[in-house]
Amino acid sequence: MIHFRKAVPADIPLIRKLTLAVWPQTYSDILSREQVEYMLEMMYSESSLQHQINTQQHRFIIACDDDEPVGFASWSSTPDKQVCRLHKIYVLQNQQGKGTGKKLIEHIIQSIRSAGAIILELNVNRHNKAGAFYSGLGFTVVREEDTDIGNGYFMNDYVMQKSIVE
Ligand SMILES: CC(C)(COP(=O)(O)OP(=O)(O)OC[C@H]1O[C@@H](n2cnc3c(N)ncnc32)[C@H](O)[C@@H]1OP(=O)(O)O)[C@@H](O)C(=O)NCCC(=O)NCCS
């Protein structure tokens with residue numbers, strides 16, 4: 001059975017392991033290998049994850065099937081206290097399509113709703129199939145965003161939002 005636990009800094013190696021299992025499959029048709037490596041270093045290095053957890057107050061949860069970690073997600077508040085931002089959601093490929101991603105989103109929504117948020121927002125690459133996953137959960141595209149991440153690389157995203165008002 002799927003359950004969630006809050007991740008702590010000691011889980012960083014696990015988060016990195018899950019990421020390295022999912023990222024190449026997710027982005028190999030969308031981004032160059034060099035850009036994937038650049039972004040992994042930027043967003044998933046030990047020090048970057050430490051910074052997200054300890055300084056930026058990103059909350060991470062690990063999804064476990066019985067005792068086996070199968071995915072994770074992270075989110076945080078934003079300067080607009082009514083808007084929370086989903087930063088990451090990844091489920092191992094052989095575990096996808098079993099409802100874990102949806103349960104992760106539902107868990108996050110419950111948590112942020114009780115903290116007073118009314119909108120959950122995220123960025124998704126415009127070519128990522130996950131866009132259809134988010135649409136199915138009620139997210140809609142509010143704008144396109146092309147972000148220069150350095151080294152000549154860009155993130156070409158949709159910004160999507162979902163109202164979480166009951
Ligand atoms: C996107 C992701 C998190 C979804 O998690 P998941 O556990 O596979 O999704 P679920 O099984 O919970 O699916 C929930 C619903 O979304 C639908 N769905 C899932 N992936 C979908 C897709 N690619 N296209 C359309 N619908 C999709 C499911 O059919 C299901 O619908 P239902 O509730 O009507 O049955 C997961 O597939 C993943 O990790 N993908 C690779 C990494 C990634 O792209 N992350 C997002 C980065 S922005």
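The values are calculated or read from the model by the stated rules, or taken from the named source; none is laboratory data. Note that the structure is predicted; figures quoted are calculated from it, not measured. Glycine gets a Cβ as well: all are built from the backbone with ideal geometry, and neighbour counts include every protein chain shown. Surface accessibility is based on the protein's heavy atoms, side chains included, excluding ligands, DNA and RNA. Shrake-Rupley method; radii C 1.70, N 1.55, O 1.52, S 1.80 Å.
Residues in the stretch 77-94 that are under 17 Å from Met43 (Cβ atoms) and either surrounded by 18 or more Cβ atoms within 10 Å (Cβ to Cβ) or of a type in the set (Lys, Arg) (or both): Arg85, Leu86, Lys88, Ile89, Tyr90.
Filtering the stretch 114-129 to residues that are of a type in the set (Gly, Ala, Ser) and in contact (Cβ under 8 Å) with a residue 40 or more places away in the chain leaves only Ala117. Only one entry in Val22, Val91 is farther than 29 Å from Val165 by Cβ, touching a strand residue (DSSP E or B) at 6+ places or on another chain (Cβ under 9 Å) and within 13 Å of the ligand (Cβ to nearest atom), namely Val22.
Working carefully through the options Ser28, Ser76, Ser47, find the one that is over 24 Å from His127 (Cβ atoms), more than 15 Å from the chain's Cα centre (by Cα) and among the hydroxyl-bearing types (Ser, Thr, Tyr). I'd like the intermediate steps shown before the answer.
Details: Ser28 fails: over 24 Å from His127 (Cβ atoms); Ser76 fails: more than 15 Å from the chain's Cα centre (by Cα).
One residue alone meets the criteria, Ser47.
Would you confirm, using the coordinates I've provided, whether Glu68 is of a type in the set (Asp, Glu) and either without any contact (Cβ under 8 Å) to a residue 40 or more places away in the chain or away from the ligand (no atom under 14 Å from the Cβ) (or both)? Criteria met by Glu68. For the stretch 135-143, the criterion of being in contact (Cβ under 8 Å) with a residue 24 or more places away in the chain, away from the ligand (no atom under 13 Å from the Cβ), open to solvent by 70 Å² or more (accessible area, probe 1.4 Å) and over 17 Å from Ile2 (Cα atoms) is met by none of the residues. Say we look at the stretch 98-134 and pick out the residues that are open to solvent by 90 Å² or more (accessible area, probe 1.4 Å) and outside any helix (DSSP H, G or I); which of these is nearest to the ligand (Cβ to nearest atom)? My answer is Lys129. For beta carbons closer than 6 Å, sequence separation of 6+ or different chains, a first residue in the stretch 39-57 that is farther than 23 Å from Thr26 by Cβ and surrounded by fewer than 17 Cβ atoms within 10 Å (Cβ to Cβ) and a second that is modelled with pLDDT of 95 or more and not basic (Lys, Arg), the qualifying pairs are Gln57/Ser76. Evaluation of Ser74 against the conditions (1) of a type in the set (S, T, N, Q); (2) under 21 Å from Gly101 (Cβ atoms); (3) open to solvent by 20 Å² or more (accessible area, probe 1.4 Å) shows that the sole unmet condition is (3).
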